[in-house]
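K.L.:
This is the structure, below, for whatever I ask next.
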Amino acid sequence: MKPRLVGLVGSLLMMVLLPLLTIYFWISLALFGGAFFIPGSGFLSQIPAPTRTAVIVYAGWLLLQILLQIFAPGKICEGARLADGTRLKYKMNGWFSFWFSMAVAVIVAGLGWVSPAIFYDQFGPLLTTVTLLAFGLSFYLYAVGKDRTGNAARDYFTGTALNPRIGDFDLKLFFEARPGLILWVLVNLSFAAKQYQLHGVVTAPMILVNAFQFLYVADYFFHEEAILSTWDIKHENFGWMLCWGDLVWVPFMFSLQAHYLVDHTHQLSWPAIAGIVALNVCGYVIFRGANIQKHNFRKNPVAPVWGRPAEYITTQNGSLLLTSGWWGVARHMNYLGDLLMGLAWCLPAGFEHPLPYFYITYFTILLVHRDRRDHGACQAKYGADWDAYCRKVRWRIVPGLY
Ligand code: NDP
């Protein structure tokens, strides 16, 4: 098959199968206690229709996030240099928006206006509602962009604009994080509330998963500026893939472990808790250390790395590649840290069913693929300098192994 045709078929398959997978997992948790099942002929009829409550809740949520993005205080930062030499300005008010959203959630649940278990109770209808929104928004993004290949399905999937904006409102930056990432934390908390409603207890595994993922998301917003140098913001057009991923995949699939734990109320021994916490802390130190090291190095190459002058390669095009600190240990230690944390999020679920391990399985595939894609892009960009870097820093993700 020709590569263009492969791309087209791949895009269409993903747009059909991924949403069905999210429904499958929801049914598995709702009806089969998290066990895998073989979907029968009635599977499609089990797809939940959006409810009035789900539509109102999500519309309110989205409106709150839009208002926060526009009006909340935050510093203005410049993004990476674009092909035309200019830099876009971004308002970085995610840290404020995150805590403001948490406060709103606590107030509306505390006053009894909304059940704290709302995201559990409305999970299926919300999933469908947000999926439909993502498909609709992707049509808008497809229509306004100009970067077309002539293959409509492929363009719809990957997007037709790098930085679509409405006035100063940057759609990609907003949807990358605000409605989905913050919602993920609230969905998790809602699962903890449901566990308490149903079983009169919030178990240690549930607390661990909530705490780890809360830390991950809070940390993201604390270092929000770092997103401006990520692959998604610099290189990826904003189409269905990012849009659906940000709106649906993140809050509804990343919360899988907490979802599973609602009805699995096992406890963990203290040594097991200590081991899982240590794994998460270890992952976090590597993940955050590597990401911030690169960010700081690119801002100020003469700043010390691990207390010593930074070592680096100066490339032909002027960019510098750090070869000391975490970036001298392996070329993507930030991915390794992320993976260790991902494993720590799955382990509290125990070993009764494989379903809670979906996250670490999918994430390993994603990051290995991402590393290869990034490697190709850097090789094309830096040529012999990249090869020299790879010779100096041999390992891709796991020192001594890969
Ligand atoms: P990186 O932050 O690793 O960025 C890669 C880019 O950094 C390269 O393209 C290159 O860009 C530059 N670079 C590479 N090597 C060096 C070096 N030695 N010194 C200086 N610059 C270098 O990748 P991502 O954007 O993919 O990931 C960012 C974080 O996001 C990671 O921690 C990852 O785990 C996480 N992530 C999480 C996901 C999730 O779903 N939870 C999904 C994807 C990522 P250039 O030289 O052009 O500037």
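K.L.:
Charges on Cβ only, +1 for Lys and Arg, -1 for Asp and Glu, centred on the Cα centroid of the chain; of Ala143, Leu171, Trp327, which one is farthest towards the dipole's positive end?
P.N.:
Among Ala143, Leu171, Trp327, the one farthest towards the positive end of the dipole of the chain is Trp327.
K.L.:
Send over the Kirkwood Rh of the chain, from the inverse of the averaged 1/r over different Cα pairs, rounded to one decimal Å. Mind dumping the intermediate values first?
P.N.:
Values: mean 1/r = 0.0442 Å⁻¹.
For the chain, inverting the mean 1/r across all distinct Cα pairs yields 22.6 Å.
K.L.:
Assign unit charges at the C-beta atoms only (+1 for Lys and Arg, -1 for Asp and Glu), then state the dipole size of the chain relative to its Cα centre in Debye, rounded to the nearest 20. Write down the numbers at each step before the final one.
P.N.:
Values: 30 positive and 22 negative charges, 206 e Å.
Charge dipole, the chain, about its Cα centre: 980 debye, nearest 20.
K.L.:
In a Gaussian network model over the chain where Cα atoms closer than 10 Å are linked, find which of Gly328, Gly167, Gly145 has the largest mean-square fluctuation.
P.N.:
Maximum among the listed residues: Gly167.
K.L.:
Work out which helices of the chain, taken as complete DSSP H runs, extend at least 15 Å along their axis over the Cα atoms and score a mean Kyte-Doolittle of 0.5 or more, then list them.
P.N.:
Details: long enough: 3-31 (40 Å, 1.90); 52-71 (28 Å, 1.62); 94-110 (23 Å, 1.68); 123-144 (31 Å, 1.60); 171-199 (41 Å, 0.65); 204-222 (26 Å, 1.28); 270-299 (43 Å, 0.36); 333-346 (20 Å, 0.95); 358-382 (35 Å, -0.30).
Helices passing the filter in the chain: 3-31, 52-71, 94-110, 123-144, 171-199, 204-222, 333-346.
K.L.:
Which residue, Phe221, Phe358, Phe157, tops the fluctuation ranking in a GNM of the chain built on C-alpha contacts under 10 Å?
P.N.:
In this elastic network of the chain, the residue with the biggest mean-square fluctuation among Phe221, Phe358, Phe157 is Phe358.
K.L.:
Enumerate the aspartates and glutamates that Lys146 could reach by cross-link, defined here as Cα to Cα under 15 Å, with residues fewer than 8 away along the same chain left out.
P.N.:
List returned: Asp155, Glu236.
K.L.:
Let me ask another. On the first, second and third principal axes, largest extent first, how far apart are the outermost C-alpha atoms of segment 279-402 in Å?
P.N.:
On the principal axes, segment 279-402 reaches 53, 31, 24 Å in Cα extent.
K.L.:
OK, next. Semi-axes of segment 199-329's equivalent ellipsoid from the Cα gyration tensor, sqrt of 5 times each eigenvalue, largest first, rounded to whole Å? Intermediate values should be presented prior to the final figure.
P.N.:
Numbers: eigenvalues 255, 95, 20 Å².
Its equivalent ellipsoid spans semi-axes of 36, 22, 10 Å.
K.L.:
So, one more: May I ask for the distance between the Cα centers of segment 338-380 and segment 190-260, given as a whole number of Å?
P.N.:
14
K.L.:
What ranking of Arg52, Arg396, Arg81 emerges when the number of other C-beta atoms within 10 Å of each C-beta is taken as an exposure proxy, fewest first?
P.N.:
Working: Arg52 8, Arg396 20, Arg81 11.
Ascending number of Cβ neighbours within 10 Å: Arg52, Arg81, Arg396.
K.L.:
Which shape class, rounded, prolate or oblate, goes with segment 230-280 when its Cα gyration tensor gives a ≥ b ≥ c as root eigenvalues, a/c under 1.5 marks rounded, and past that a/b bigger than b/c marks prolate?
P.N.:
On the way: a/c = 8.59, a/b = 2.03, b/c = 4.23.
Oblate, since a/c reaches 1.5 and b/c is not below a/b.
K.L.:
Under 5 Å between amide hydrogens, which residues at least 5 positions from Gly34 or on another chain qualify, with H placed 1.01 Å from N in the peptide plane?
P.N.:
Correct list: Leu29.
K.L.:
Here is a follow-up. Which residue, Gln379, Gln69, Gln267, tops the fluctuation ranking in a GNM of the chain built on C-alpha contacts under 10 Å?
P.N.:
Evaluated over the chain, the most mobile residue of the options is Gln379.
K.L.:
Rounded if a/c is under 1.5, else prolate if a/b beats b/c, else oblate: with a ≥ b ≥ c from the C-alpha gyration tensor eigenvalues square-rooted, which is segment 1-67?
P.N.:
Values: a/c = 2.69, a/b = 1.21, b/c = 2.21.
Cα axes put segment 1-67 in the oblate bin.
K.L.:
Starting with the fewest neighbours, write out His199, His353 ranked by other beta-carbon atoms found within 10 Å of each beta-carbon.
P.N.:
Details: His199 14, His353 17.
Lowest count first: His199, His353.
K.L.:
Let me ask another. If each residue's Cβ is checked for other Cβ atoms within 10 Å, how do Asp121, Asp170 rank with the fewest at the top? Write down the numbers at each step before the final one.
P.N.:
Working: Asp121 16, Asp170 21.
Least crowded to most crowded, the residues run Asp121, Asp170.
The numbers here are math on the coordinates, done by the rules we state, and not lab data. Keep in mind that what you see is a predicted model, and the values were worked out from it rather than measured. Ideal geometry is used to build each Cβ from the backbone, glycine not excepted, and the neighbour counts take in all protein chains shown.
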